[in-house]
1. Specify the angular offset, from 0 to 90 degrees and rounded to the nearest 10, of the alpha carbon long axis of helix 71-80 from the longest principal axis of the alpha carbons in the chain.
2. Whole-Hz ³J(HN,Hα) for each residue in the range 47-57, computed from phi via Karplus 6.51 cos²θ - 1.76 cosθ + 1.60 with θ = phi - 60°, x for glycine and proline: what do you get?
3. Just need the relative contact order of the chain here, percent rounded to a whole number, with Cα pairs under 8 Å and 6+ apart.
4. With every protein chain present, what is the per residue accessible area of the range 1-50 (1.4 Å probe, Å²)?
5. Kindly express, to the nearest 10 degrees and within the range 0 to 90, the angle between helix 25-40's C-alpha long axis and the longest C-alpha principal axis of the chain.
6. Ignoring everything except DSSP H segments at least 4 long, calculate the 222 nm mean residue ellipticity for the chain; use -39,500 (n - 2.57) per segment, divide by total residues, nearest 500.
7. With r defined as the distance between the Cβ atoms of residue 91 and residue 2 and R0 fixed at 30 Å, what FRET efficiency is calculated, to the nearest 0.05?
8. Between residue 71 and residue 28, with labels modelled 7 Å along Cα→Cβ, what's the label distance in nm to one decimal, could you check?
Amino acid sequence: MTNFDEYLNEQLKNPEFKAEFDALEPEFAIVQAIIDARKKTGLTQKELSERTGIAQGDISKLENGNANPSINTLKRLAKAMNMSLHIEFVQNK
């Protein structure tokens with residue numbers, strides 16, 4: 001376990017911190033889905049940029065969680081990777 005993991009696990013014991021962290025889960029999931037899809041297709045950020053017309057720096061920002069993609073951007077990314085975009089609402093547990 002890294003020092004960051006240890007720090008995060010300690011912070012997650014704080015209920016307020018955990019609530020805020022959990023609230024970010026959808027954003028984390030989108031970021032991870034973009035990264036996983038790009039890697040699955042074997043594309044670099046630069047290649048994905050060339051296919052979509054989205055600047056490589058902007059793709060990097062998306063993958064680092066420093067930008068919020070629109071639905072249209074997600075559709076462009078999916079199309080460039082020969083994939084389709086599916087968004088769903090899931091009942092809370």
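1. The two axes meet at around 60 degrees.
2. So the Karplus estimates, Gly and Pro as x, are 5, 5, 4, 5, 6, 9, x, 8, 4, 4, x Hz.
3. Details: 44 pairs, mean separation 18.8, N = 93.
Once divided by the residue count of the chain, the mean separation gives 20 percent.
4. With the other protein chains kept in place, the range 1-50 gives 78 Å² per residue.
5. 40 degrees
6. Counting only the DSSP helices, I get -19000 deg cm²/dmol.
7. So, using R0 = 30 Å, E works out to roughly 0.30.
8. 2.6 nm
The values are calculated or read from the model by the stated rules, or taken from the named source; none is laboratory data. All of these numbers come straight from a predicted model, not from anything done at the bench. Here the Cβ is made from the backbone with ideal geometry for all residues, glycine too, and neighbour counts use every protein chain on show. Side chains included, ligands, DNA and RNA excluded: accessible areas come from the protein's heavy atoms. Shrake-Rupley method; radii C 1.70, N 1.55, O 1.52, S 1.80 Å.
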